[in-house]
Structures are given as C-alpha cells and as structure tokens.
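Data block below; observations after.
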Amino acid sequence: MTHSVNFLEHLEQPSQQRTHKHRRVWLIVFSLLGSILFLAVLFFVLVCGQVLVAAFDGKDRLVAVQEAVVHQDFEQAQHELVVAQEDFDQAERGWQRLRWLRSFGWVGVQWEAVQTMIHAGNHLVTAAEDVVNFGAELMRLSGVTAEQLSSIRPDIGAESTYDQLSAKTKRALLQRLAGGAPDLSVTAAKIDVALAELDLLFTKDLATPLSTALKIMKDRVEPLANAVKTASVFASLIPAYAGLDHPVNLLVLFENNNELRPGGGFIGTFGVLQIQDGEIRSFVTKDVYALDDPADPQYEAMPPEPLRRYNASGDWFFRDSNWSPDFSVSARQALAIFEQENRVLPEEMRVQFGFPETFDGVIAFTPTFAAELLRLLGPVEMGGQIFTSENIAETLEYQVQFGFSKAGIPEPQRKDILVGLIEKVRYRFMNLPAKEWSKFLDVFSEAIQKKHMAFFHTDSEIQERLIHAGWAGNITPSDGDHLMVVDANLASLKSDPAVQRTIFYSIRPSSDGEYVAQVTIRYEHKGNFDWKTTRYRTYTRVYTPLGSRLLRASGMFIDDALKDPNRNPGSVDMGEELGFQVFGAFTSVEPGQTQELHFEYLLPSSIKEIIQKNQYHLKVYKQIGALSHALTLDLDFDKTLKHALPEEEMKEWNDDVYRLNTKLDQDRTFEVNF
C-alpha cells in the first residue's frame with residue numbers, strides 16, 4: 001500500500017490542518033530568529049574577544065616599553081610602541097563594528113566605556129613615544145657637537161653610575177634635561193588627559209568585569225603619570241638646584257619625625273650643601289646644638305607661646321624653627337633664624353664653620369624617606385653597626401643618645417657617626433646603576449606624595465614651580481570644606497612611633513539649617529617608659545574653614561599627669577593662620593592609655609551654600625612627617641547621596657550619610673553629589 005508523504009494531513013479536519021500550519025510557520029520563524037540571535041551573539045563574542053585580546057596586548061606592550069626604557073634599550077622600546085599602536089588600532093576597528101550598541105541604554109554605556117578606554121590607550125602610546133624619543137635623544141645628547149658626542153657616549157650605559165660620568169657628560173646631560181622640561185610637561189599633560197578620561201568612567205554604571213578592568217588600567221597609568229611628572233619637575237629645577245650657571249647653597253634639614261613637629265620633625269641635625277654643575281662641592285653636617293648653644297648668649301627671639309609654655313623655650317632657636325605646618329613658612333623661618341644665629345657666633349667659630357651668609361633654598365626630609373632610600377641602596381655598615389631600612393631611625397637615635405658614651409666618644413662628636421653614614425649613603429647613591437634610577441624616582445615621588453620630603457627656594461618663580469608640582473609642602477585652603485590636624489611633640493622624647501592616632505570627622509545639620517562639624521583625635525599610647533619613649537605631650541592645632549565658630553571642646557589639659565595630677569582642664573587657643581580658622585590645645589596621654597581631644601564647631605555659611613547646590617568637597621591635609629593615621633568620616637547631609645568619590649561600601653549606599661574608613665597617608669580629597 002502506497003501513500004503520499006502528507007497522507008495523514010488529508011485525514012485531519014481543516015481546523016486542525018490550519019493549526020499545524022501555524023505551528024510550522026512559527027517554528028520556522030523562531031528557528032530563523034534563534035539562528036540570527038545565535039549568529040549575533042557569536043559575532044558579538046568573537047568581536048569582543050578580538051578587541052579584548054588586542055587591548056590587553058596593547059597594555060602588555062606598554063609594560064614592555066617601560067621595561068625597555070628602564071634598561072635604556074630605546075630601539076626595543078620604539079619597536080614595542082609600534083606594535084602597541086597596532087594593537088590599539090585593531091581594538092578600535094573591532095569595537096567600531098559594535099557601535100550600533102550605543103543606542104541600547106545600559107549596553108550603550110558599556111560600549112562608550114570600552115571606547116573611552118581604547119582612546120586612553122592611544123593617548124598613552126602617544127605619551128610613551130614622547131618619553132622614548134626624549135630618552136633616546138638624551139642618549140645621543142643631541143645638543144652636543146659630534147666630537148663631544150663621540151667622546152662622552154661610551155660613558156653611558158645601563159650599568160653606568162652617575163659618579164662614573166665625566167664632568168663634561170654630567171653637564172651635557174643636565175643641560176639637555178633642563179632644556180627638555182617643557183616637552184616632559186606636555187607629555188605629562190597627555191597622560192593626565194588619559195587619566196581624566198578614565199576617571200570620568202568611574203561615575204558610570206559599569207558592569208563588574210568592566211569596572212575591574214578600568215581599575216587595573218588606572219592603577220597601571222598612575223605610576224607612569226607620577227614618574228613623568230616627577231621627571232618634568234626635576235628637569236625644570238635643574239638650573240636652580242644643580243648649579244648649572246653658578247654654585248648653589250642649600251640648607252638641609254634632617255627632621256626627626258619620631259619627635260613630630262608641625263613642619264615635619266625636630267631638627268636635630270642640619271647640613272650645608274653646595275652644588276655646581278651637578279657635582280657636590282661640599283656637604284657639611286652638624287648637630288643642631290653646635291649652632292644653637294654658642295649663639296645662645298647673644299641671640300634673642302620670642303618663641304611661639306606654646307613652645308614657651310609647654311617646652312620651656314626661652315628663645316626661638318633654629319631647632320624649633322619649623323613651627324608652621326606650611327613648609328614654605330617654616331623654611332623661611334629656619335633660614336632667618338639660622339642666618340641670625342650664624343651672625344652672632346664668635347668670630348673664630350664662624351670662620352671655622354665657614355657657613356654661607358645666605359642660601360638659595362632649603363631641603364627637608366625625615367627618617368621615613370631615609371629608610372626607603374636604604375631599602376633601595378641596601379644595608380650600610382658604620383661604626384660597627386649595620387643600618388638597614390628597618391632599624392636606621394632607632395639604631396641611629398640610640399647611638400647619638402647613649403652609644404657614643406659607651407664607645408668613649410666625646411659628646412660634641414656624638415653625631416660623627418651620622419656624618420660617616422651620610423657619606424656612605426651618598427657614595428652608594430652616586431654609584432647606583434643607571435638602570436636603577438627609575439626606582440629612585442619611585443622612592444622620591446612617594447616621599448613627596450606622603451610628605452616625608454619638601455623643598456623651598458628663595459627665588460619666587462622657582463618657588464611657584466615647586467608649589468605647582470606639589471613639592472613645596474605648602475598649605476592652601478580648598479574651595480570647599482577642609483581639615484588639618486597638626487601635632488607638636490613637646491618634651492616627649494622620641495615617642496611618636498608608639499602613639500597610634502585616629503582622626504574622626506563628622507558633620508550634621510543643625511535645627512536652624514546650619515552644619516555642625518566635630519573633630520575627634522584619639523591618641524592610643526602603645527609604648528612603655530624607656531630610653532626613647534615617655535608620656536606623650538602634644539600641642540594640637542586643628543585647621544578648619546575660615547569663619548568656623550567653636551561651640552565646645554574637651555580633652556585638653558593644663559599640663560601632663562606628672563605636673564598636674566588633678567588633670568585640670570586646659571583652654572583652647574583660637575586664631576587665623578594661612579587662611580584657616582585654627583583651634584589649638586594641649587593634651588597628654590600616659591603609656592598604655594588612650595586620650596581623646598574633641599572640637600565641635602559651626603561651619604561657615606559658605607559650606608552650607610555649597611551643599612545647597614547639591615555638592616560637597618572635603619580636603620583633609622596630612623601633616624608633614626606624620627606617619628599614616630586612620631581617618632573615619634561620618635558626614636550627614638540630610639539629603640540622599642547620588643554619587644561619591646571615593647565610594648562607600650555598598651552596604652552604606654542609598655541614605656543621607658557618607659561613611660568611610662580610610663587612612664591619611666597623604667592629602668586626601670572627597671567629593672559628594674546629591
């Protein structure tokens with residue numbers, strides 16, 4: 001028996017036949033749509049894969065460029081740049097195939113974000129080309145004649161050291177670096193453009209993988225930006241600090257932040273440095289008392305009241321000159337007092353010291369920077385002691401306080417060990433292989449950023465460059481809210497490392513629509529009484545927006561527990577300084593105990609007006625020389641937050657309060673939008 005293929009169809013009712021036909025039509029439609037969707041997804045995945053591979057290859061090539069530059073292989077660096085550009089161009093072409101996604105809301109946001117990241121990569125390639133070309137030009141020393149070039153080129157190599165370079169080579173390199181400062185500045189600006197593009201993306205609602213990739217990219221770019229900026233500033237300051245045109249005299253302050261002072265740390269040692277054509281002509285270091293003590297009978301200057309009241313200072317000596325938290329103010333004061341004391345020294349001593357009557361600038365650094373420098377250079381042996389990055393501050397302090405007497409060294413010579421140590425570190429540094437110079441830039445940049453080094457120059461134009469670069473340690477009020485807590489260790493030995501600080505800052509709206517701020521500084525003394533640690537005595541100043549009005553304060557004392565066992569409450573000093581409203585008070589804490597100093601004040605109406613415009617900006621300044629403190633913010637605006645940087649933890653979102661726990665290891669800024 002034979003049948004047609006569709007014989008069953010003819011046995012069905014007409015209505016059933018129509019239903020089956022509809023089903024087959026829809027099946028075909030869905031199959032086609034599924035196939036199209038599958039192909040679209042496959043196309044999307046393939047394109048995304050190609051774009052990601054190309055973009056990551058471009059990123060890897062940029063890392064390879066950095067490595068080649070460090071090893072001064074500029075030919076290889078230029079090759080890597082060509083390949084990196086090809087990778088980003090490929091990523092750009094691939095991503096443009098998906099530009100139709102821009103019309104699909106949230107998906108379009110993701111497309112724009114990737115496009116921006118690719119553009120940022122192109123900016124980085126352009127900036128890297130500038131750096132590589134400039135480096136290659138330095139190697140060729142293009143500003144020198146062919147005859148000079150042939151004579152000095154053999155000096156330069158990845159294993160070369162600064163000390164090995166001839167005087168002619170040093171001068172030629174420094175001149176070319178100085179001449180290239182504008183080019184480096186332009187390169188830094190290009191990198192800033194890339195960073196700005198990436199920063200804008202953090203305000204977008206990005207998918208988690210994309211936001212993670214964005215953070216990785218930004219973390220890669222920021223060190224490059226810092227390095228180029230540092231090199232740019234270095235280059236612009238070479239004539240002023242390297243003595244290309246004439247010798248320069250610099251006052252060097254060794255600021256011991258184990259005994260924290262407003263401008264960095266107690267000035268226990270100072271140096272007089274003379275440089276010409278990049279060569280150190282002389283570097284003499286002295287115990288600060290070698291100047292202060294012989295000047296004492298003839299020198300008179302009224303000290304700041306807290307120094308007189310809590311430190312028993314009859315005169316304002318050089319060792320206490322850094323009373324301002326603005327380093328430019330402290331540096332000027334240090335120069336003024338140094339020059340005054342030097343002028344009143346006995347004639348014989350003044351001739352023996354041979355100090356210059358005037359200086360071109362001031363450089364200050366703390367043991368924290370010295371420790372990081374030793375981490376780079378390696379341990380140094382001096383006087384039977386091994387100085388490392390971990391022990392340099394404590395070991396050196398012990399030697400100059402107690403070790404010298406056990407070794408039979410006269411007290412006036414107790415810091416001779418420091419002189420020898422400085423010379424050995426100087427030798428190590430000057431003989432650092434050229435391939436390691438970039439690592440020194442990293443150490444230097446971090447010291448500037450975290451305020452363990454600062455510069456001042458008497459030439460106003462050069463000082464402006466220092467301020468613009470962030471090297472001057474100056475304090476200028478921000479446009480919005482601002483806060484700075486400044487401690488002054490007064491007669492507490494070297495107790496600061498044992499005292500853990502936490503700064504709490506909160507604001508809240510008052511019933512009449514104003515905003516009330518509260519600052520609490522918690523001092524937790526983790527140490528014990530020993531040769532370098534005692535009860536902590538600090539005169540604390542809080543710098544707030546100009547026009548702030550103190551409402552109440554607590555935690556201040558007339559004196560410490562030894563001198564005032566009844567712990568009678570002290571008072572708050574109020575005034576204006578550096579464009580800030582300042583509240584100051586004395587407090588102290590015994591080893592093993594905790595003490596809190598609290599200030600509550602009404603913020604000026606200017607802050608309220610900014611918040612009414614649905615924005616808020618806070619800058620918290622770090623004190624020069626201070627170690628990293630914990631910082632807790634609890635900012636109640638009585639209006640729902642829309643966006644904030646840095647972001648809160650997710651559990652804190654969608655309310656009226658900005659809460660954040662962070663650390664104050666450098667100046668910090670916080671932005672909130674409503």
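Would you mind putting 536-543, 365-372, 653-660, 555-562 in packing order, based on average other-beta-carbon counts within 10 Å, highest first? Don't jump to the answer; show the numbers that get you there.
Working: 536-543: 24.5, 365-372: 21.8, 653-660: 14.6, 555-562: 17.4.
Put in order of decreasing packing, that is 536-543, 365-372, 555-562, 653-660.
Arrange the following residues from fewest to most other Cβ atoms within 10 Å of their Cβ: Lys613, Lys663.
Details: Lys613 9, Lys663 12.
The order, fewest Cβ neighbours first, is Lys613, Lys663.
To the nearest Å, what is the center-to-center distance of the stretch 313-386 and the stretch 503-517, using C-alpha atoms only?
Each part reduced to its Cα centre gives a spacing of 42 Å.
Would you tally the net charge around Lys415, using a Cβ to Cβ cut-off of less than 12 Å, leaving Lys415 out, and scoring K and R as +1, D and E as -1? Mind showing how you got there, number by number?
Numbers: positive: Lys286, Arg414; negative: Asp287, Glu397, Glu411, Asp416.
Value of the local net charge: -2.
What residue among Asn673, Leu618, Tyr536 has its Cα farthest toward the positive end of the dipole of the stretch 481-673, where the charges are +1 on Lys, Arg and -1 on Asp, Glu, each on the Cβ?
Tyr536
Please turn the phi angles of the stretch 248-258 into ³J(HN,Hα) values with the Karplus equation 6.51 cos²θ - 1.76 cosθ + 1.60 (θ = phi - 60°), one per residue in order, whole Hz, x for glycine and proline.
With coefficients 6.51, -1.76 and 1.60, one gets 10, 10, 10, 8, 9, 10, 8, 9, 7, 7, 6 Hz.
Students often get this wrong, so check it: of Lys406/Lys532; Lys229/Lys450; Lys168/Lys229; Lys218/Lys435, which have C-alpha atoms separated by over 20 Å?
Details: Lys406/Lys532 17 Å; Lys229/Lys450 16 Å; Lys168/Lys229 27 Å; Lys218/Lys435 25 Å.
Pairs exceeding the cut-off: Lys168/Lys229; Lys218/Lys435.
Provide Val582, Val344 in ascending order of the number of other Cβ atoms located within 10 Å of each residue's Cβ, fewest first.
Taking fewest neighbouring Cβ atoms as first place, the list is Val344, Val582.
Near the amide H of Thr269, under 5 Å away, which other amide H atoms are found, from residues 5 or more places off or on another chain, if H is placed in the peptide plane?
Counting only residues 5 or more places away or on other chains, the set is Phe254, Val288.
What is the calculated FRET efficiency for Ala407 to Met302, with r their C-beta to C-beta distance and R₀ = 35 Å, to the nearest 0.05? Walk me through the intermediate numbers first.
Values: r = 39 Å, r/R0 = 1.13.
That gives a FRET efficiency of 0.35.
Name the shape class, rounded, prolate or oblate, that the alpha-carbon gyration tensor gives for the stretch 377-531, where a ≥ b ≥ c are the square roots of its eigenvalues, rounded holds for a/c under 1.5, and otherwise prolate holds if a/b is larger than b/c and oblate otherwise.
Working: a/c = 2.58, a/b = 1.46, b/c = 1.76.
Here the stretch 377-531 falls in the oblate category.
Say a paramagnetic label sat at a point 7 Å from the Cα of Gln593, along Cα to Cβ; which residues of the stretch 511-526 have their backbone N under 19 Å from it?
Flagged as within label range: 521-526.
Can you check what the net charge comes to around Asn566, using other residues whose Cβ is under 15 Å from the Cβ of Asn566 (Lys, Arg +1; Asp, Glu -1)?
Values: positive: Lys563, Arg567; negative: Asp559, Asp560, Asp564, Glu590.
Net charge around Asn566: -2.
Out of residues 5 or more away from Gly527 or on other chains, whose amide H comes under 5 Å of its own, with H placed 1.01 Å from N in the peptide plane?
Amide H neighbours of Gly527: Gly592.
From the phi of every residue in the stretch 264-276, what ³J(HN,Hα) in whole Hz does the Karplus formula 6.51 cos²θ - 1.76 cosθ + 1.60 yield, where θ is phi - 60° and glycine or proline is x?
Each residue's phi maps through the Karplus curve to give x, x, 4, 7, x, 9, 9, x, 10, 10, 10, 10, 8 Hz.
Between Val186 and Glu357, what length comes free when the chain is fully extended (0.36 nm per residue of separation minus the Cα-Cα distance, one decimal in nm)? Spell out each step's value before the answer.
Values: separation 171, 0.36 × 171 = 61.56 nm, distance 3.85 nm.
Full extension of this stretch gives 57.7 nm more.
If we sort 397-404, 621-628 on the protection proxy, mean other Cβ atoms within 10 Å, highest first, what's the order?
On the way: 397-404: 18.0, 621-628: 23.6.
Top of the packing list down: 621-628, 397-404.
Using mean Cβ contacts within 10 Å as the protection proxy, how do 382-394, 414-426, 315-327 order, highest first?
On the way: 382-394: 16.2, 414-426: 17.8, 315-327: 24.1.
Highest mean packing first, the order is 315-327, 414-426, 382-394.
Roughly how big is the stretch 609-666's charge dipole about its Cα centre, with Cβ charges of +1 (Lys, Arg) and -1 (Asp, Glu), in debye to the nearest 20? Numbers along the way, then the final one.
On the way: 8 positive and 11 negative charges, 57 e Å.
Dipole size: approximately 280 debye.
Among residues other than Leu376 whose Cβ falls under 15 Å from its Cβ, what is the net charge (Lys/Arg +1, Asp/Glu -1)? Walk me through the numbers before you get to the answer.
Working: positive: Arg375, Lys424, Arg426, Arg428, Lys435, Lys439; negative: Glu372, Glu390, Glu436, Asp442, Glu446.
Value of the local net charge: +1.
Apply the a/c threshold of 1.5 to the C-alpha gyration tensor of the stretch 481-673 and tell me whether it is rounded, prolate or oblate.
Prolate, since a/c reaches 1.5 and a/b exceeds b/c.
Quick one: which residues, 5 or more positions from Ser495 or on another chain, have an amide H under 5 Å from its amide H? H modelled 1.01 Å from N in the peptide plane, none for Pro or chain starts.
Thr534
Would you mind working out the magnitude of the charge dipole of the stretch 481-673 relative to its Cα centre, with +1 at each Lys and Arg C-beta and -1 at each Asp and Glu C-beta, to the nearest 20 Debye? List each step's numbers first, then the result.
Working: 23 positive and 29 negative charges, 85 e Å.
That gives a dipole near 400 debye.
Counting other beta carbons within 10 Å of each residue's own, what order do Ser166, Ser511 fall into, fewest first? Provide the component values of the computation, followed by the final result.
Details: Ser166 12, Ser511 5.
Ordered by Cβ neighbours within 10 Å, fewest first: Ser511, Ser166.
What list of ³J(HN,Hα) couplings, whole Hz, do you get for the stretch 307-316 from phi and the Karplus terms 6.51, -1.76, 1.60, once you set θ to phi - 60° and write x for glycine and proline?
3J(HN,Hα) across the stretch 307-316, in whole Hz: 5, 5, 6, 10, 10, 6, 8, x, 10, 8.
Does anything in the stretch 625-661 have its amide N under 12 Å from the 7 Å Cα→Cβ label point of Asn614, and if so which residues?
Under cut-off, by backbone N: 640-643.
By how many nm would the segment from Ser571 to Thr476 grow when fully extended, if each residue of separation counts as 0.36 nm and the alpha-carbon distance is taken off? Numbers along the way, then the final one.
Numbers: separation 95, 0.36 × 95 = 34.20 nm, distance 2.69 nm.
Roughly 31.5 nm would be gained on extension.
Length gain on complete extension for the stretch Thr640 to Arg426, per 0.36 nm per residue less the alpha carbon to alpha carbon distance? Intermediate results must be reported in sequence, preceding the final value.
Details: separation 214, 0.36 × 214 = 77.04 nm, distance 5.58 nm.
So the chain would gain 71.5 nm between Thr640 and Arg426.
Throughout, read-outs are computed from the coordinates displayed, never taken from laboratory work. In this text the structure is predicted, and so the values were computed from the model without any measurement. So basically every Cβ, Gly included, is an ideal-geometry build from the backbone, and we count neighbours across all protein chains shown.
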